[in-house]
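Just so you know, all these numbers are worked out from the coordinates, no wet-lab data involved. A quick note: this is a predicted structure, and the numbers were derived from the prediction, not measured. Reconstructed Cβ throughout: ideal geometry from the backbone, glycine too, with neighbour counts over all protein chains shown.
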Amino acid sequence: LSQIKILCIAGSLGSGSYNRALLRAAEKLAPREMTFHTFDLIPIPLYNADVETQGDPPSVSAFKEAIQEADGLLIATPEYNYSVPGVLKNAIDWASRPPNPLSKKPAGIIGATPGIGGTIRAQQILRQSFVYTETYAMLKPELLVASCRDKFDAQGNLTDERTRRHLTEFLAALYKWVLLLKQQS
Ligand SMILES: Cc1cc2nc3c(=O)[nH]c(=O)nc-3n(C[C@H](O)[C@H](O)[C@H](O)COP(=O)(O)O)c2cc1C
């Protein structure tokens, strides 16, 4: 079986983030053929055309290279005010500038929230951006982790059996999705 590299991106910066915890769980539950790297969005500055004109800041260049080198992306997004958090949208905005490494890149979208909506709105809005960036967001299955306070323990371990099973299935599907699209390119 082919080995593939997945770049994990969390749309939340806090150390106690559920979405970061969800990515850590994904790494543990994924098929052995998937290798995970995480890119932390903390150092990415706000998009500014004046700054871009002078050349991408080092953190932006590193982000774009990490996307370029990955076979696929796994993005765990919180939902903020029924949308994508600014930090994630900002990072995508930087990455989308030419040359755009998000183009034709397979991606899986997941998200966790203490609320009941499971980040469904944020995920849909992220998919909308991925139309313009030509990012191949996996269609199904979806992974919506609602009421996440009940699904992780105090150390941030994903303990809910049903969610663990869904995440395992999601990752198996993402593996196939990435391989399928790799064959096309
Ligand atoms: C500014 C802000 C807006 C929020 N808006 C929503 C929302 O629209 N829907 C939702 O389910 N949760 C919302 N929340 C709650 C987040 O889901 C919660 O803070 C979650 O833990 C964030 O993810 P994280 O733990 O990975 O940081 C909001 C939180 C903040 C700080």
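Tabulated values for the structure
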{"quantity": "Any hit, region 34-57, residues being exposed (fewer than 13 other Cβ atoms within 10 Å of the Cβ) and within 22 Å of Arg121 (Cα to Cα)", "calculated": "no"}
{"quantity": "Members of region 129-157 found to be in contact with a Leu (Cβ under 7 Å, 6 or more places away or on another chain) and within 17 Å of Arg20 (Cβ to Cβ), listed by number", "calculated": "Leu143, Val145, Lys151, Phe152"}
{"quantity": "Residue within region 126-137 that is in a loop (DSSP other than H, G, I, E, B), over 22 Å from Pro31 (Cα atoms) and in contact (Cβ under 8 Å) with a residue 60 or more places away in the chain present", "calculated": "yes"}
{"quantity": "Qualifying residue in region 100-121 (condition: part of a helix (DSSP H, G or I) and either at negative phi or crowded, with 18+ Cβ neighbours inside 10 Å (or both))", "calculated": "yes"}
{"quantity": "Selection from region 42-81 of residues that are among the hydroxyl-bearing types (Ser, Thr, Tyr) and within 21 Å of Ala21 (Cα to Cα)", "calculated": "Thr77, Tyr80"}
{"quantity": "Matching residues, region 56-83, being part of a helix (DSSP H, G or I) and either among the charged types (D, E, K, R) or in contact (Cβ under 8 Å) with a residue 40 or more places away in the chain (or both)", "calculated": "Lys64, Glu65, Ala66, Ile67, Glu69"}
